[in-house]
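The values are calculated or read from the model by the stated rules, or taken from the named source; none is laboratory data. Every value quoted in this text rests on a predicted model; they were computed, and no experiment measured them. Ideal geometry is used to build each Cβ from the backbone, glycine not excepted, and the neighbour counts take in all protein chains shown. Side chains are part of the model used for accessible areas, which takes the heavy atoms of the whole protein and leaves out ligands, DNA and RNA. Shrake-Rupley method; radii C 1.70, N 1.55, O 1.52, S 1.80 Å.
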Protein chains: 2
Amino acid sequence: MSDFAKPTLDDVARAAGVSTATVSRCLNAPDRVIAPTRERVMKAVEALGYTPDFGGRALASRRTNTVGAIIPTMDNAIFARGLQSFQEALSKFGKTLLVASSGYSPAREREQMEVMAGRGVDGMLLIGSARPDSSVDFLRRRGIPFLGAWNLGDAEGYFVGFDNHAAAAELTQMVLDKGHRRLAMIAGISQMNDRAADRMEGVRATAERAGIARAQLPVIEAAYTFDDGARAFGELMALSPRPTAVMCGNDVLAVGAMQKARELGLGVPEDVSITGFDDIDLASVVAPKLTTIRVPHRRMGEAAAEMLIKLINKQPVERQIEIPTAIVERDTLGPPPVDHSA
Amino acid sequence: MSDFAKPTLDDVARAAGVSTATVSRCLNAPDRVIAPTRERVMKAVEALGYTPDFGGRALASRRTNTVGAIIPTMDNAIFARGLQSFQEALSKFGKTLLVASSGYSPAREREQMEVMAGRGVDGMLLIGSARPDSSVDFLRRRGIPFLGAWNLGDAEGYFVGFDNHAAAAELTQMVLDKGHRRLAMIAGISQMNDRAADRMEGVRATAERAGIARAQLPVIEAAYTFDDGARAFGELMALSPRPTAVMCGNDVLAVGAMQKARELGLGVPEDVSITGFDDIDLASVVAPKLTTIRVPHRRMGEAAAEMLIKLINKQPVERQIEIPTAIVERDTLGPPPVDHSA
DNA sequence: AATATCAATGTAAGCGCTTACATTGATTTA
DNA sequence: TAAATCAATGTAAGCGCTTACATTGATATT
């Protein structure tokens with residue numbers, strides 16, 4: 001490692017025989033400098049191997065060209081995928097991405113918000129809308145533009161996402177149309193997770209409208225892991241009467257449920273139907289293939305990036321951008337088994 | 001958005017009736033300030049909602065507490081997972097994570113390196129060791145500590161990873177021990193990807209040692225997608241004589257191959273054995289379950305974080321940390337079918 | 001030819017923070 | 001009790017950059 005001191009603007013200015021202002025202009029607004037001067041400066045930049053110091057620049061310009069993203073976890077493929085396209089889109093605009101994870105905890109999300117605010121991010125991507133007002137206030141007070149992704153919010157704020165409630169409702173209707181009456185749900189943990197809560201409510205409300213009382217629709221909340229999905233499915237199958245269709249809050253839970261079904265010797269969908277949500281790779285790879293809801297995570301990431309950039313540049317934007325979802329009918333949803341108990 | 005100016009150190013100092021130096025010390029070296037003063041200051045910090053400005057801090061201290069990671073893509077679960085634990089570990093040390101992706105292109109990796117260097121990252125995480133010398137020189141000249149992960153490097157540099165070659169070799173030996181002689185491989189694209197190249201070479205060398213000439217071991221390189229895996233598998237199955245075991249460069253390829261096998265009406269492992277690499281979630285969820293190599297990606301992420309922190313703090317570190325891998329025997333590797341052509 | 005105009009560049013004041021050094025007052029030492 | 005010591009805090013000089021404003025000299029306008 002060399003110990004040449006890192007060259008500064010001053011060094012370049014001296015080498016090129018101009019003032020620091022001119023060098024700065026060459027770098028930030030080249031057209032405000034006449035060509036011969038600019039060339040001389042750029043040559044000096046090259047020669048010295050100069051690169052601007054981020055700290056100095058951030059301090060002086062009050063801009064960082066950095067945006068932050070706080071997601072629950074990258075372990076969940078849907079966020080990893082969305083984040084990947086978010087980052088790609090961002091980098092086209094010359095922004096870099098600061099990443100942090102909250103582990104689904106609002107308190108940790110808040111901490112990370114402060115860290116990022118301290119780093120002067122130009123804008124921030126958050127997931128969903130379930131967070132204490134104080135967190136939102138913090139961002140507003142700081143004047144940091146932000147948006148929620150992966151769902152559509154309520155009254156205030158900017159969102160790019162999809163209608164978790166409606167999508168879940170639509171799938172529920174399909175399950176009902178197949179003839180199922182004894183539904184059950186393995187939901188994500190709904191506290192401070194609006195996506196999970198909306199999906200749950202979409203299922204319940206639709207079932208209720210079809211005359212199934214809430215009390216008759218068992219719901220177990222589970223963390224998004226195979227094991228928890230399997231465990232919950234086991235509990236559900238021990239119920240009597242046994243549900244004929246188990247709707248899951250995401251594909252991971254659904255696959256966990258499928259594994260448990262196999263263990264229990266239950267055929268899917270002959271003995272019990274199972275549905276997922278997200279349509280991650282897994283869904284089309286398990287056997288039988290999972291009936292689920294496709295969510296275009298990549299598209300969401302891109303749309304989020306574009307929206308956030310506009311917000312940062314104070315360009316006009318729509319308050320909510322809805323990304324369409326679609327039911328993907330595969331092989332885990334069928335009619336209920338013939339009921340011999342009747 | 002309110003236009004309260006963001007509070008500065010000065011504001012806090014004034015509110016607490018101390019100098020800026022004391023406030024700074026409270027934040028950076030609390031034990032150098034007596035308790036009552038510290039409490040008074042912290043109260044002021046709370047009250048004003050103060051958070052330090054990154055630019056100012058970076059400029060004055062010549063440190064950013066930021067580390068960069070450039071990975072091929074977060075779409076690959078193994079990197080997403082590793083990155084997640086890397087970030088968690090980092091955040092315990094008060095560092096934040098800048099993320100960029102190279103899409104497996106050395107040129108893009110280099111670009112991102114420059115961006116990150118410009119941002120004054122304290123250190124950098126890279127994947128593997130296959131990159132032009134000029135990229136490495138760049139980092140060295142800048143005095144930015146960095147390490148390669150997911151494999152072990154050659155002579156120089158720091159690494160935390162595993163021996164892709166040895167792991168692949170071991171699995172190959174197991175395949176041979178089952179009695180297979182007509183092996184084939186679907187490898188990742190090996191150019192500028194040392195993990196893929198090492199795995200490939202591990203298979204080839206072991207087969208060769210067992211008397212299988214290289215020319216008799218067909219290898220198809222494929223991008224890490226289901227479709228490409230399936231396509232390659234199709235080509236391999238069209239060969240004559242048909243391979244009895246197909247070893248894949250990662251689990252995604254293997255699962256793609258399995259799907260194609262089903263399509264072709266070939267039983268796994270009765271008609272053809274298939275192996276993977278990585279042991280991602282997928283592997284234990286497909287039917288039949290995939291025989292593969294477990295790589296503890298989380299552990300690698302953590303170890304990488306610890307090593308990088310030490311490098312940044314100029315503490316002594318081992319040059320290479322090897323993370324052990326293990327063969328996970330499941331259901332896709334069996335003995336070869338009885339050969340009626342003999 | 002005198003004046004107004006304007007593009008190109010320079011001057012210099014910070015941006016918010018850290019930290020070397022200076023100051024202060026209490027405690028220890030002789 | 002005076003001197004020495006030391007912990008706690010303050011003072012103030014930058015860190016490298018951007019940018020409002022000032023200056024200059026050339027060109028356009030009358």
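Net charge around residue A:201, counting only other residues with Cβ within less than 15 Å of its Cβ (Lys, Arg = +1; Asp, Glu = -1)?
With Lys, Arg at +1 and Asp, Glu at -1, the net is -2.
Can you pull the mean other chain C-beta count within 10 Å for peptide B:97-105?
Counting other chains' Cβ atoms within 10 Å and averaging over B:97-105 gives 4.
In nm, give the distance between the simple-model label positions of residue B:314 and residue A:39, each being 7 Å from the Cα along the Cα-to-Cβ direction.
Calculated label separation equals 4.4 nm.
Once you order the gyration tensor axes a ≥ b ≥ c over the Cα atoms, which shape class does the range A:164-295 get: rounded for a/c under 1.5, otherwise prolate or oblate by comparing a/b with b/c?
Rounded shape, in that the Cα axes give a/c under 1.5.
Using protein chains only (no ligands, no nucleic acids) and a 1.4 Å probe, work out which residues of the range B:27-67 have their accessible area cut by at least 50 Å² relative to the chain alone.
B:51, B:54, B:59
Would you jot down the residues in the range A:128-153 that end up with at least 40 Å² less accessible area in the complete protein assembly than in the chain alone, with a 1.4 Å probe?
A:140, A:141, A:142
Measure off, as a whole percent, the carbon and sulfur share of the 1.4 Å-probe accessible area of the protein assembly as shown, all protein chains present.
50 percent
What is the calculated FRET efficiency for residue B:19 to residue A:137, with r their C-beta to C-beta distance and R₀ = 35 Å, to the nearest 0.05?
E(calc), rounded to 0.05, equals 0.70.
What is the sum of charges around residue A:321, taking Lys and Arg as +1, Asp and Glu as -1, for the other residues whose C-beta is under 15 Å from the C-beta of residue A:321?
Here the count lands on -1.
Compute the signed sum of charges (Lys and Arg +1, Asp and Glu -1) over the other residues within less than 13 Å, Cβ to Cβ, of residue A:160.
Net of charged neighbours comes to -1.
Assign unit charges at the C-beta atoms only (+1 for Lys and Arg, -1 for Asp and Glu), then state the dipole size of the range A:272-325 relative to its Cα centre in Debye, rounded to the nearest 20.
120 debye
Between copies, how far apart are the residue B:225 label points? List them in nm, one decimal, shortest first, with each point 7 Å from Cα toward Cβ, please?
For residue B:225, the other copies' label points sit at 3.3 nm, shortest first.
In square angstrom and rounded to 100, what buried accessible area do you get between chains A and B, total over both, with the probe at 1.4 Å?
4400 Å²
Hey, with R₀ at 56 Å, roughly what FRET efficiency would residue B:156 and residue B:271 work out to, going by the Cβ-Cβ distance, to 0.05?
It comes out at approximately 0.75.
Helix-only estimate, please: 222 nm mean residue ellipticity of the protein assembly as shown, summing -39500 (n - 2.57) across DSSP H runs of length 4 or more and dividing by its residues, to the nearest 500.
Calculated mean residue ellipticity at 222 nm is -13500 deg cm²/dmol.
Are there any residues in the range B:68-95 with a reduction of at least 10 Å² in accessible surface when going from the isolated chain to the assembly of protein chains? Probe 1.4 Å, please list them by number.
With the partner chains in place, the range B:68-95 has these residues losing at least 10 Å²: B:73, B:74, B:75, B:80, B:81, B:83, B:84, B:87, B:88, B:91.
Non-local amide H neighbours of residue A:289 (under 5 Å, H modeled in plane, Pro and chain starts lacking H): which ones?
A:331
Could you name the lysines whose alpha carbon sits less than 24 Å from that of residue B:178, not counting residues in the same chain fewer than 8 places away?
Straight-line reach from residue B:178, under 24 Å: B:260, B:289.
Mind checking the dipole of the protein assembly as shown: about its Cα centre, +1 per Lys or Arg Cβ, -1 per Asp or Glu Cβ, Debye to the nearest 20?
The calculated dipole for the protein assembly as shown is roughly 2040 debye.
Run the dipole for the range A:164-295 about the Cα centre, Lys and Arg Cβ at +1, Asp and Glu Cβ at -1, nothing else charged, and hand back the magnitude in debye, nearest 20.
380 debye
At 0.36 nm per residue, and after removing the present C-alpha to C-alpha distance, how many nm does the segment from residue B:46 to residue B:294 gain when stretched out fully?
84.6 nm
Distance cut-off 24 Å, Cα to Cα: go down the list A:314/B:43; A:314/B:6; A:95/A:310 and report the pairs above it.
From the list (A:314/B:43; A:314/B:6; A:95/A:310), the Cα-Cα distance tops 24 Å for A:314/B:43.
Keeping all protein chains in position, work out how much accessible area residue A:93 exposes to a 1.4 Å probe, and write it in Å² to the nearest 10.
110 Å²
Which residues does a label at residue A:227 reach in the range B:278-307, if reach means a backbone N under 20 Å from a point 7 Å past the Cα toward the Cβ?
B:279-286, B:290, B:294-302
Using the Cα centre of the range A:68-167 as origin and beta-carbon charges of +1 (Lys, Arg) and -1 (Asp, Glu), tell me which of A:97, A:71, A:82 is placed farthest towards the positive end of the dipole.
A:97
Any idea which of B:54, B:107, A:213 is furthest toward the positive side of the dipole for the protein assembly as shown, if Lys and Arg beta-carbons carry +1 and Asp and Glu beta-carbons -1?
The Cα lying farthest towards the positive end belongs to B:54.
What trypsin sites (Lys or Arg not before Pro) in the range A:9-76 are in a loop by DSSP, with at most 16 other Cβ atoms within 10 Å of the Cβ?
In loop regions of the range A:9-76 (DSSP not H, G, I, E or B), the sparsely surrounded trypsin sites (Lys or Arg not before Pro) are A:62, A:63.
Which shape class, rounded, prolate or oblate, goes with the protein assembly as shown when its Cα gyration tensor gives a ≥ b ≥ c as root eigenvalues, a/c under 1.5 marks rounded, and past that a/b bigger than b/c marks prolate?
Judged from the Cα gyration tensor, the protein assembly as shown comes out oblate (a/c at least 1.5, b/c at or above a/b).
For chain B, what is the accessible area per residue in Å² when the probe is 1.4 Å?
43 Å²
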